[in-house]
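Novice: My questions all concern the structure below.
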Amino acid sequence: QNRSAGSQAYCRLQELTINLRYDFIIVPVEYTANNCEGPCRRPLSTRSPGYSSHTVLLLEMQARGTPLRRSPCCVPVKYSSQDVILFTGEGLQVTTYPEMVVEECGCR
Amino acid sequence: QNRSAGSQAYCRLQELTINLRYDFIIVPVEYTANNCEGPCRRPLSTRSPGYSSHTVLLLEMQARGTPLRRSPCCVPVKYSSQDVILFTGEGLQVTTYPEMVVEECGCR
Amino acid sequence: MCPRALRLLRGLCLWLLLGTVSGNRSCVFYETPHNLQGSMRHQGRLLAGAEHGTILCHSSHCCFGIWNQSHGRLQAVMQGCWGSDRDGCDSPACKTSPVHTAGVIFQRCLCRSDFCNANVSQLGAPAAPQGE
Amino acid sequence: MCPRALRLLRGLCLWLLLGTVSGNRSCVFYETPHNLQGSMRHQGRLLAGAEHGTILCHSSHCCFGIWNQSHGRLQAVMQGCWGSDRDGCDSPACKTSPVHTAGVIFQRCLCRSDFCNANVSQLGAPAAPQGE
């Protein structure tokens, strides 16, 4: 489920809930994982802050008419971790998984 | 210019030279910036190593038939810096720009 | 001076109210000594040393509870603070949902009121086998 | 024992050869004292303290040179080690290309042989105004 419907003006963080209804995951049933959505266009500096010098030069190449095999893409640039309580077959296990929740997005 | 033509089996680093023919950049004239190209498909573990738990769960959602507003994308996950010698109007300036050269790719 | 004093007083009341609302959540804390790897005690500050203690949550207002269901009886397995308010922690009461795994049935809930995870307030539907 | 000794000897020769080939590149080092911000001396180990010194490159086999062109004469501005072999450093000789910026013409080259950046070996085409 997403926070807002309409099309995005530029790359940014959007709320996304991911369902964890696997029989070995006891808690949580779902979690707020978020996603990065929206186009990567120039100028980046006034919009999403999470871009690299490399991205700026790729967009510059495109603007000059050189086609790219892969255009800059709106992706997670900062994550946080998430606790998950699993059933191992014998008992429960608390595991903290890294890079589960998107905190910041950027054009890469 | 790219190292190989045909379609990629999965997300990986490809050689890409970026032209720096701006009148304020004195050296270099061009540099090997590289790019990340290819699709992000399951299973990630046996292909590109630079993925996150979040990516695995996004691909899982897609495989279960839930459409995503943004599918996992092949992007730089590790960069290196690049020296550039600029003309400032008065004289030359040596600047080391971070995140100029892609060193590793991953599905994010 | 009177309207200004009134405004100050109103500000003080609001501050006290918010202070209460945004204060620590208290949850029941329990972890079974059998077949448990890891712990959820890092999510709060443990108060009592008793078997069923109290924990003050660090970063959320959400309690969780997990019970093992067998022969119609529920046995607590884990109770404590859940680390996030954004994982479906909307109910003030512990309304559990079942999960059927390898012949074991667990009932689990997230809830957002003090000690809401002490007991199951509403039992989830009979567990059906899950997964594909 | 003889074929084994021969193999060892062959290995030693290969090691010495590679050692020579992959050894440090020597470049001329010079940086103008006028209007220069920053330095490229971090790209190698400076040997002589003279105005036009020698630098042994740390991470590449590539020298660079930048000259200021005015009234048909070239004046060195910067010479040293370039940090990468992959930025168009294919020629063993310093074949410059011009860049026209704010009324100043610079000639610059990258080259991959010892001291190849001492002098311009082949001058680039007359500078034409660049940019869009």
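Novice: Please compute the modelled spin-label separation between A:Ser81 and B:Thr66, points set 7 Å along Cα→Cβ, answer in nm with one decimal.
Specialist: Going by the 7 Å Cα→Cβ label model, 2.4 nm.
Novice: In whole Å, what are the Cα extents of region D:24-111 along the three principal axes, biggest one first?
Specialist: Reported extents, whole Å, longest axis first: 36, 29, 20.
Novice: What order do you get for A:Met61, D:Met40 when you list them from fewest to most C-beta neighbours inside 10 Å?
Specialist: On the way: A:Met61 18, D:Met40 24.
Ascending number of Cβ neighbours within 10 Å: A:Met61, D:Met40.
Novice: Let me ask something else. What nm value, rounded to one decimal, do you get for the distance between A:Tyr97 and D:Ile105 when each label is placed 7 Å out toward the C-beta?
Specialist: Here the modelled spin labels are 6.3 nm apart.
Novice: A:Tyr10: net charge of surrounding residues, Cβ under 9 Å, Lys/Arg +1, Asp/Glu -1, itself excluded?
Specialist: Here the count lands on +3.
Novice: In A, who owns the beta-carbon nearest the axis carrying A over to B, and how many Å from it?
Specialist: Per the Cβ-to-axis criterion, the result reads A:Cys73, 2.
Novice: Mind checking the mean number of beta-carbon atoms from other chains within 10 Å of the Cβ atoms in D:30-39? Numbers along the way, then the final one.
Specialist: Values: counts 0, 2, 2, 0, 3, 7, 7, 8, 8, 1.
If you average over the peptide's residues, the count of other-chain Cβ atoms is 4.
Novice: Here's another thing I want to ask about it. Just add up the charged neighbours of C:Pro92: K/R +1, D/E -1, any other residue whose Cβ is under 14 Å from the Cβ of C:Pro92.
Specialist: It works out to a net charge of 0.
Novice: Turning to a different aspect of this structure: List the distances, in nm and shortest first, from the label point of D:Gly38 to the matching label points in every other copy, placing each point 7 Å from Cα along the Cα-to-Cβ direction.
Specialist: Copy-to-copy label distances for D:Gly38: 4.5 nm.
Novice: Continuing with the same structure: Could you calculate the FRET efficiency of A:Tyr10 with C:Ala93 from 1/(1 + (r/R0)^6), where r is the beta carbon distance between them and R0 is 56 Å, rounded to 0.05? Before the final figure, lay out each step's value.
Specialist: Values: r = 42 Å, r/R0 = 0.74.
After rounding, the FRET efficiency stands at 0.85.
Novice: Could you name the aspartates and glutamates in cross-link range of A:Lys78, using Cα to Cα under 18 Å and dropping any fewer than eight places away on the same chain?
Specialist: A:Glu15, A:Glu37, A:Glu99, A:Glu103, A:Glu104, B:Glu99, B:Glu104
Novice: Using a Förster distance of 60 Å, how high is the FRET efficiency between C:Leu47 and D:His42, based on the Cβ-Cβ distance and rounded to 0.05?
Specialist: The pair C:Leu47/D:His42 has a calculated efficiency of 0.60.
Novice: Between 0 and 90 degrees, rounded to the nearest ten: what's the tilt of helix B:53-63 against the longest Cα principal axis of chain B?
Specialist: Computed tilt is about 50 degrees.
Novice: Counting only Cβ atoms, what residue of chain D lies nearest to the axis that sends chain D onto chain C, and how many whole Å off?
Specialist: D:His42, 22
Novice: Using only atoms on other chains, find how many Cβ atoms lie within 10 Å of each Cβ of peptide C:81-93 and report the average.
Specialist: So the per-residue partner count for this stretch is 4.
Novice: Sorted from largest to smallest, which semi-axis lengths in Å does the alpha carbon gyration tensor of chain A give for its equivalent ellipsoid, taking the root of 5 times each eigenvalue?
Specialist: So the equivalent ellipsoid measures 36, 14, 11 Å along its semi-axes.
Every number in this text was worked out from the coordinates using simple rules, so none of it is lab data. All figures in this text were calculated on a predicted structure; none of them were measured in a lab. Cβ coordinates were reconstructed from backbone atoms using ideal geometry, including for glycine residues, and neighbour counts include every protein chain displayed.
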